[in-house]
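In what follows, a structure is listed as structure tokens, so that the remarks can point back to it.
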Amino acid sequence: MLRFLRQYNKWILVVGGVLLLITFLVPQAITGLAERSGQGGGTWGRIGDTKVKAAELQRVLAEMSVLDTLGEGMVPVPGASKDPVHYLLLLHEAQAAGLVGGRDDGLRTADVMARNAGDSAITVDTVLAMLQSRSGQPRGVILDALANVNGIQRLVSLYETTPRLSDRRLQQAASSMLSAVDADLVVLDARVLASTLTDFSPTEEALQAQLEAYGEFPPPTVAPLGAAPENAFGYRLPNRLKLEWLVIPADQIRRSVESSDQLSNIELRKHRDRNPDLFPRPSDGTDNFDAIREIVRDSRLTQLVTERASEVAKFASDQLQLPLRGLPRKGTYFTLPEDWTQRQPSFEALGEALAQQFAMGIPTYLTSGPEWIEPTAIDSLQFLGSAASDRFGPRPVRASQLVAQAREFAGQDTYSTQQGVASPPLRTPAGDIVFFRIIQSDPSRKPASVDEVRNQLVADLRTVEMFRRLKEQMEPLRVKATTEGLLAVASANNVGVMPAVDLRERDPRFLASGFRIPPSIPGLGASEAAATAIVQFALSLPREASMTSLPEADRTFAITVDDKFAIIIGRVTDLTPLTIEEYDSLASQGTVERELLTNELRTMRTDLFSKEALVARNKFELSRDETELAEESAPASTPAPAPMG
């Protein structure tokens, strides 16, 4: 027995070690698999007899966060980009029809977006980097979202054929779209008037509820055309960071060279002799060096400054890279030790080493300060804002582009930017050398507490309250405008009476070209909804007599503009109907018919591709509560909108 054990002791040790490893690892593996199964394997809903897993909800929510950054128009069905069920079912029908391409299709869309930007510096990578920064999603999710939206657009476009419309219908539509209205308007904007509220302060509960409802939405810059009021809210924090940078000014490098002995007369003569093409000798054999000495000196100085700048950049890069040698990598990124903040080379110490090594002044050390900044703000920072690197291709890459692609912001690994690791040398247009380093990062996320966005929450809830009060006062304000005049209403609210001239639903200058530009309302801005309401009111008035002969009470109106949080009290002063000659000209071009078909298509999309129609057509049922699953399985959930006010 002992002889057997001695003969096979190595094999026994190997087999025993493997069995021991299995004993320890199998329970952990089973636990991990169970956890992952619980996160992504739960059933969210059913399309007919097909289960829709919770992982599918995660994917849908991630794509929706990308679409939020592109605006309502990317998904050609109202409301679909805000509702995961609506979006999922649209995508399901597009996939079933074979209309969805792969990521190459999404890449082509990004390329079109780059070319349409009208700036040669904007590339596909720039567009994708911007979308990554704004949405907080990785490149693959963005390409999937673009490809899937293309498929949905193809699905909807299949329904764009419709029968011809009658002449009477076209005449009515043209009259509505192109009749011109003159009116005097008093615009009461709740966003402006909210500052006058002295008896209202939102409660902590209301602030928290507002944050829960809209915390995942990015802050919109402008409410989309025709959007519901709740789409004007969004509190998701963008990618933010703090950084430091070291600037080696070009004039310091130049002065360090000017004081060297490489600009002596002997060195200058050697430079002239090495470059006969630059400094040809006179044909008569004379040699008046003093006459061209300054020209030779400038040439040599430029050469020396270029060489010294390369030496400085290399020395600084070597010093910054030295502590990184031997550290493990994951792809192109370093796995930094926990005490890296203490071990990393200091920019201030590097500046002193550069000053000593090259006999020049100490480089400038700068930071972004104690407050968080967004990557786009880097473009306005001193020195760093104009600095760029030619290391990554023929086109220089700016510091803000490098930061937008940082590992912490789910960027692509082409640039290998990561927190705690210094950048490659960048150059400004003036020749300054710049190194930067991210010292803290905060990826895009929902605010963790009310305090992070308190001021905006308070301002928004005050706007909502002011808008509610304005709507309650619409009829009394209209009566006041009738009895006391529009100026009385305007003066009471510290605004003016604004004349609107030649106001139409559609601008005839752009109608033929197909451009849909919302009309501009004085004191309010672009609003198709407001223009339509005013024109329709004017068209409803009796036309037997001139407009001014009608009583002022009949010509005075009050309307709400929900997407602008405003009401308008106004009085129609004139109406210019569309003439027969104008109609015949437009009809001969097919302009009115195209526009009306577009409007009909919009209505058809609302009916045919509404959430209710899709749910019924696909026999969709939720297996679990949608909000509950979203909170459990997705960091970028899309909560259901809460009612306004």
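Pick from 462, 468: which is open to solvent by 70 Å² or more (accessible area, probe 1.4 Å) and within 16 Å of residue 188 (Cα to Cα)?
468
Given the criteria hydroxyl-bearing (Ser, Thr, Tyr), open to solvent by 30 Å² or more (accessible area, probe 1.4 Å), free of Cβ contacts under 8 Å to residues at least 40 places away in the same chain and farther than 20 Å from residue 126 by Cα, does residue 346 qualify?
Against the criterion (hydroxyl-bearing (Ser, Thr, Tyr), open to solvent by 30 Å² or more (accessible area, probe 1.4 Å), free of Cβ contacts under 8 Å to residues at least 40 places away in the same chain and farther than 20 Å from residue 126 by Cα), residue 346 qualifies.
Can you name the residue in the stretch 214-253 that is of a type outside the set (D, E, K, R), in a helix (DSSP H, G or I) and modelled with pLDDT of 90 or more and, of all such residues, is farthest from residue 380 (Cα to Cα)?
If we take residues in the stretch 214-253 being of a type outside the set (D, E, K, R), in a helix (DSSP H, G or I) and modelled with pLDDT of 90 or more, then 214 is farthest from residue 380 (Cα to Cα).
Being within 22 Å of residue 238 (Cα to Cα), open to solvent by 20 Å² or more (accessible area, probe 1.4 Å) and either touching a residue at least 12 places away in the same chain (Cβ under 8 Å) or touching a Phe, Trp or Tyr at 6+ places or on another chain (Cβ under 6 Å) (or both) is true for just one of 425, 429, 443. Which residue is that?
Just one listed residue meets the conditions, 443.
Check the stretch 363-375 and report whether any residue there is part of a helix (DSSP H, G or I) and either under 20 Å from the mean Cα position of the chain (by Cα) or under 18 Å from residue 253 (Cβ atoms) (or both).
yes
How about the stretch 115-131: which of its residues are part of a helix (DSSP H, G or I) and either in contact with a strand residue (DSSP E or B) (Cβ under 8 Å, 6 or more places away or on another chain) or within 19 Å of residue 392 (Cα to Cα) (or both)?
Across the stretch 115-131, the qualifying residues are 124, 125, 126, 127, 128, 129, 130.
Output yes when any residue across the stretch 510-527 is of a type in the set (Ser, Thr, Tyr), over 26 Å from residue 82 (Cα atoms) and at pLDDT below 80, and no when none is.
So far as the stretch 510-527 goes, yes, one or more of its residues are of a type in the set (Ser, Thr, Tyr), over 26 Å from residue 82 (Cα atoms) and at pLDDT below 80.
Can you name the condition, by its number, that residue 158 falls short on among (1) open to solvent by 60 Å² or more (accessible area, probe 1.4 Å); (2) among the hydrophobic types (A, V, I, L, M, F, W, C); (3) touching a helix residue (DSSP H, G or I) at 6+ places or on another chain (Cβ under 9 Å); (4) farther than 29 Å from residue 446 by Cα?
Condition (3) is where residue 158 drops out.
Kindly list, by first and then second residue, each pair from a residue in the stretch 305-324 that is over 16 Å from residue 356 (Cβ atoms) to a residue that is among the basic types (Lys, Arg) and open to solvent by 40 Å² or more (accessible area, probe 1.4 Å), limited to pairs with Cβ atoms under 8 Å and residues at least 6 apart or on different chains.
Close Cβ pairs satisfying both conditions: 305/254; 323/343.
Please verify whether the stretch 76-85 includes one or more residues that are touching a residue at least 24 places away in the same chain (Cβ under 8 Å), open to solvent by 30 Å² or more (accessible area, probe 1.4 Å) and hydrophobic (A, V, I, L, M, F, W, C).
There is no residue in the stretch 76-85 that is touching a residue at least 24 places away in the same chain (Cβ under 8 Å), open to solvent by 30 Å² or more (accessible area, probe 1.4 Å) and hydrophobic (A, V, I, L, M, F, W, C).
The values are calculated or read from the model by the stated rules, or taken from the named source; none is laboratory data. Everything quoted here is computed from the prediction, not taken from an experiment. In this analysis, Cβ positions are derived from the backbone assuming ideal geometry, glycine residues included, and neighbour counts consider all displayed protein chains. Side chains included, ligands, DNA and RNA excluded: accessible areas come from the protein's heavy atoms. Shrake-Rupley method; radii C 1.70, N 1.55, O 1.52, S 1.80 Å.
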